Amino acid sequence: MIGVIDYGMGNLGSVANALAFLNAPARVLHGPGEIPGCRALILPGVGAFGDGMANLRRGGYLEPLRDWMAADRPLLGICLGLHMLCASSEESPGAEGMGVIPEAVVKFAAAPDVKVPQIGWNRVVRAPGRDCPLFRGIPDGTYFYFVHSYYLSVAAGWEAGRTVHGTEYASAVWRGRTAAVQFHPEKSQEAGLRLLRNFVEWSQETDHG
């Protein structure tokens, strides 16, 4: 079972619908007590970094999520879900992230040729020498759908894909069984469905039983 975490800020319906389309066994989790029944977790998210972290803390999810990742069990973060894996974000000064990725999320600098937020399709190019299982069967440079104003510039040892929007940044990260993407696979049509299917299959391969 794949658990989609409901902490009051996720695009849960779209993610759940995409998983249902793939006939993947999944359910929306309404509390941390439901986590032990899952083999993999998806942490989606739309909204402000500080609010997201506060909601995770208020809902009792923070320590179970940290324990889950420390045990190297499969997790996919989406958009804000990626940001909250990081240490902090310019979006919410003073708010602490989970710190799994020891980097700060920063805001795009507006320019005549750079719209903020970035809304629309953009390419994801794989990081050299990094064969992330999320991208199996997906051509390098495939377009995915993005909606965001903040980004992770660098992620040493984590980068799986990079994208350019005024500046180059990490649009996909992966280490062990923890992965996250800046774009929205559930809104990225065939490529996004393939990525979600890859996550489902990967979680089965890495199932701890």
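The values are calculated or read from the model by the stated rules, or taken from the named source; none is laboratory data. Since the model is a prediction, treat every value here as computed from it, not as a measurement. So basically every Cβ, Gly included, is an ideal-geometry build from the backbone, and we count neighbours across all protein chains shown.
Being touching a strand residue (DSSP E or B) at 6+ places or on another chain (Cβ under 9 Å), surrounded by fewer than 21 Cβ atoms within 10 Å (Cβ to Cβ), modelled with pLDDT of 95 or more and more than 24 Å from F21 (Cα to Cα): is that true of R123 here? Criteria met by R123. V181: within 30 Å of D67 (Cβ to Cβ), crowded, with 21+ Cβ neighbours inside 10 Å, at pLDDT 95 or above and not acidic (D, E), yes or no? Against the criterion (within 30 Å of D67 (Cβ to Cβ), crowded, with 21+ Cβ neighbours inside 10 Å, at pLDDT 95 or above and not acidic (D, E)), V181 qualifies. Only one of the numbered conditions (1) surrounded by fewer than 18 Cβ atoms within 10 Å (Cβ to Cβ); (2) in contact (Cβ under 8 Å) with a residue 12 or more places away in the chain is violated by V100, and that is (1). Of all residues in the range 106-130, those that are touching a residue at least 60 places away in the same chain (Cβ under 8 Å) and within 20 Å of T142 (Cα to Cα) have Cβ atoms under 9 Å from Cβ atoms of residues that are polar (S, T, N, Q) and in a strand (DSSP E or B), 6 or more apart or on another chain, in N122/T163; N122/S171. Out of (1) part of a loop (DSSP other than H, G, I, E, B); (2) closer than 26 Å to L193 by Cα; (3) not β-branched (V, I, T), the odd one out for W121 is which? Looking at each condition in turn, W121 falls short on (1). Look at G60 and say whether it is part of a strand (DSSP E or B), small (G, A, S), modelled with pLDDT of 95 or more and on the phi > 0 side of the Ramachandran plot. Answer is no for this residue.
Quick one: would you say R73 is of a type in the set (K, R), part of a loop (DSSP other than H, G, I, E, B) and out of contact with any helix residue (DSSP H, G or I) (no Cβ under 6 Å at 6 or more places or on another chain)? So R73 fits the description; yes. When the range 139-178 is filtered for residues that are more than 13 Å from the chain's Cα centre (by Cα), assigned to a loop (DSSP other than H, G, I, E, B) and surrounded by fewer than 21 Cβ atoms within 10 Å (Cβ to Cβ), the ones remaining, listed by number, are P139, D140, G141, T142, S149, S153, V154, A156, G157, G166, G176.
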